[in-house]
Amino acid sequence: TQAPVNVTVTGAAGQIGYALLFRIASGQLLGQDTPVKLRLLEIPQAVKAAEGTALELEDGAFPLLQGIDIFDDATKAFDGVNVGLLVGARPRTKGMERGDLLEANGGIFKPQGEAINAGAADDVKILVVGNPANTNALIAQAHAPDVPKERFTAMTRLDHNRAQAQLAKKLGVNVADVKKLTIWGNHSATQYPDIFHAEVGGKNAAEAVGDQKWLEDEFIPRVAKRGAEIIEARGASSAASAANAAIDHVYDWVNGTAEGDWVSMGIPSDGSYGVPEGIISSFPVTTKNGSYEIVQGLEIDEFSRGKIDASVRELTEERDAVKQLGLI
Ligand code: NAI
């Protein structure tokens, strides 16, 4: 068997952390051949709760789990990291302006970027889950100049999975029959879930639906505002589904996407599809041998163009705001 992979999880005592850690320990993040060592990062006040979770992880008797260390210091937590799941973030509280939110998160993701730069393994892969995920990933990336830029990604896989489930429900098919969906742009309400290139049972999904009104008035807003729907119903934000999406994102990045399908990942733009180079925006990607490639050559009609541009505009505004604050 292989040497254990160091997986650092920030915000380990939070609700996503609780749903995520047991699945990592059971081998679902990397595969059933890969032993893992967990490195948990929390703020000092939450270290005790993280220790409690570690006791439960021990009680899971997971054969692939070869160690758990808990830290309140980012430099230590990211030492030797192969896979970093950056979940802990500063949530928006009542009356908080966007600038304040970005600044508070800068205080988290700047030192974490520096810690990754200082200690990460050569093959490090980073997934930012904590919101605003795309811009937090940009901040961390800016402070890790020695790490290849493409190793910093943001999670739009939950949006992708949500879109896949809603489309399957509409067409009365199994989710596995829905392929080539794309989330474009920001992990926010401006995101654009695109079904025009998606396939259902080998047929074009938009044609199979044949209902532009449903697409515009129901599907797109439902997917984009699903987070709020969950909060309304559950009294707490999406946690197990977010953890599930984080597992999917990393598993596919490491193990490759299936032939004839792709996934959505927030990744640094190379300028494809008119998305300004450098911003971390969601694209359709295929993965192989631990790296990813943007799916090229998709035709973007006027409707899709407008939606992509609007979300990308929001991302460039966030980038400009963090630049102004001196965070990147
Ligand atoms: P939570 O509030 O339950 O947990 C967050 C944890 O992060 C807390 O235990 C807190 O102590 C910790 N934390 C705060 N600052 C930290 C730091 N500097 N270092 C290490 N840990 C720190 O929140 P939950 O529900 O687990 O969500 C976490 C984040 O994920 C939120 O920002 C949420 O908005 C985001 N999210 C993103 C989704 C996506 O699709 N990209 C989906 C769902 C949630």
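The values are calculated or read from the model by the stated rules, or taken from the named source; none is laboratory data. Since the structure is predicted, the reported quantities are computational estimates derived from the model, not experimental observations. Neighbour counts are summed over all protein chains in view; Cβ atoms, including those assigned to glycine, are modelled from backbone coordinates with ideal geometry. Ligands, DNA and RNA are stripped out before the accessible areas are found, and what is left, the full protein with its side chains, is counted by its heavy atoms. Shrake-Rupley method; radii C 1.70, N 1.55, O 1.52, S 1.80 Å.
Could you name the lysines in cross-link range of K37, using Cα to Cα under 25 Å and dropping any fewer than eight places away on the same chain?
The qualifying lysines are K48, K76, K110, K125, K149, K288.
Could you pull out which residues in the stretch 195-222 have an amide N less than 11 Å from a spot 7 Å beyond the Cα of E229, following the Cα-Cβ vector?
Only 218-222 fall inside the zone, counting backbone N under 11 Å.
Compare the peptides 234-241, 83-90, 72-79 by average per-residue count of other Cβ atoms within 10 angstrom and give them in order, highest first.
On the way: 234-241: 13.6, 83-90: 24.5, 72-79: 19.2.
The most tightly packed comes first, giving 83-90, 72-79, 234-241.
Place the peptides 27-36, 95-104 in order of packing, highest mean first, counting for every residue the other Cβ atoms within 10 Å and averaging per peptide.
Working: 27-36: 17.0, 95-104: 13.8.
Peptide ranking by packing, descending: 27-36, 95-104.
What's the long-distance tail for the stretch 133-184, i.e. % of Cα pairs beyond 14 Å? Display every interim value, and only then the final one.
On the way: 803 of 1326 pairs.
Here the tail beyond 14 Å accounts for 61 percent of pairs.
Could the peptides 277-287, 46-56, 308-318 be put in order, highest first, of the mean number of other beta-carbon atoms found within 10 Å of their residues? Mind dumping the intermediate values first?
Working: 277-287: 22.5, 46-56: 15.8, 308-318: 19.2.
With the highest mean Cβ count within 10 Å placed first, the list reads 277-287, 308-318, 46-56.
What is the ratio of the Cα radius of gyration of the chain to 2.2 N^0.38 Å, where N is its residue count, to two decimals? It would help to have the intermediate numbers written out before the result.
On the way: Rg = 19.1 Å, N = 328, 2.2 N^0.38 = 19.9 Å.
So the chain has a normalised radius of gyration of 0.96.
Within the set K179/K323; K180/K213; K94/K307, which residue pairs have Cα atoms separated by over 31 Å?
Numbers: K179/K323 37 Å; K180/K213 21 Å; K94/K307 28 Å.
Where the Cα-Cα span goes over 31 Å, the pairs concerned are K179/K323.
Report, in deg cm²/dmol and to the nearest 500, the calculated mean residue ellipticity at 222 nm for the chain, where each DSSP H run with n ≥ 4 adds -39500 (n - 2.57) and the sum is divided by the residue count. Could you put the intermediate results ahead of the total?
Numbers: 11 runs with 133 residues, N = 328.
Theoretical 222 nm ellipticity from helices: -12500 deg cm²/dmol.
When the chain is fully extended, how far beyond the present Cα-Cα distance does Q66 get from E277, taking 0.36 nm per residue of separation? Write down the numbers at each step before the final one.
Working: separation 211, 0.36 × 211 = 75.96 nm, distance 3.98 nm.
Extra length from Q66 to E277 when fully extended: 72.0 nm.
Kirkwood Rh over alpha-carbon pairs of the stretch 1-123, then Stokes-Einstein at 37 °C and 0.692 mPa s: what D in µm² s⁻¹, rounded to an integer? Walk me through the numbers on the way to the answer.
Working: Rh = 14.9 Å.
For the chosen part, D equals 220 µm²/s.
Two decimals is fine: what's Rg over Rh for the stretch 190-314, C-alpha atoms, Kirkwood radius as Rh? Could you put the intermediate results ahead of the total?
Details: Rg = 15.5 Å, Rh = 16.2 Å.
Rounded to two decimals, Rg over Rh is 0.96.
When each pair of different Cα atoms in the stretch 94-233 is counted once in the 1/r mean, what is the Kirkwood radius in angstroms, to one decimal? Intermediate results must be reported in sequence, preceding the final value.
Working: mean 1/r = 0.0592 Å⁻¹.
With all distinct Cα pairs of the stretch 94-233 included, I get 16.9 Å.
What is the extension gain from K76 to K213, computed as 0.36 nm multiplied by their sequence separation minus the C-alpha to C-alpha distance, in nm to one decimal? Each step should come with its number before you reach the end.
Details: separation 137, 0.36 × 137 = 49.32 nm, distance 5.19 nm.
That works out to 44.1 nm of additional length.
Could you give the nm distance between label points at D33 and S237, where each point is 7 Å from its Cα heading toward the beta carbon?
Label at D33, label at S237, 3.7 nm between them.
Which listed residue (V209, V322, L29) has the Cα farthest towards the positive end of the charge dipole for the chain, taking +1 on Lys and Arg C-beta and -1 on Asp and Glu C-beta about the Cα centre?
Working it through, the farthest residue towards the positive pole turns out to be V209.
Using the 2.2 N^0.38 Å rule of thumb for compact globular proteins, work out how the stretch 66-105 stacks up: its C-alpha Rg over that value, please. Don't skip to the end; give the middle numbers.
Details: Rg = 14.4 Å, N = 40, 2.2 N^0.38 = 8.9 Å.
For the stretch 66-105, the normalised Cα radius of gyration is 1.61.
Rounded to the nearest 0.05, what FRET efficiency do L171 and S26 give with R0 = 22 Å and r taken as the Cβ-Cβ distance? Could you check? Before the final figure, lay out each step's value.
Working: r = 32 Å, r/R0 = 1.46.
For L171 and S26, the calculated efficiency is 0.10.
Enter the accessible area per residue of the stretch 1-126 (Å², integer; probe 1.4 Å; all protein chains in place).
On the way: 5860 Å² over 126 residues.
On a per-residue basis, the stretch 1-126 sits at 46 Å².
What's the extension gain from Q45 to A104 if we count 0.36 nm per residue and subtract their Cα-Cα distance? Write down the numbers at each step before the final one.
On the way: separation 59, 0.36 × 59 = 21.24 nm, distance 1.75 nm.
This chain segment gains 19.5 nm when fully extended.
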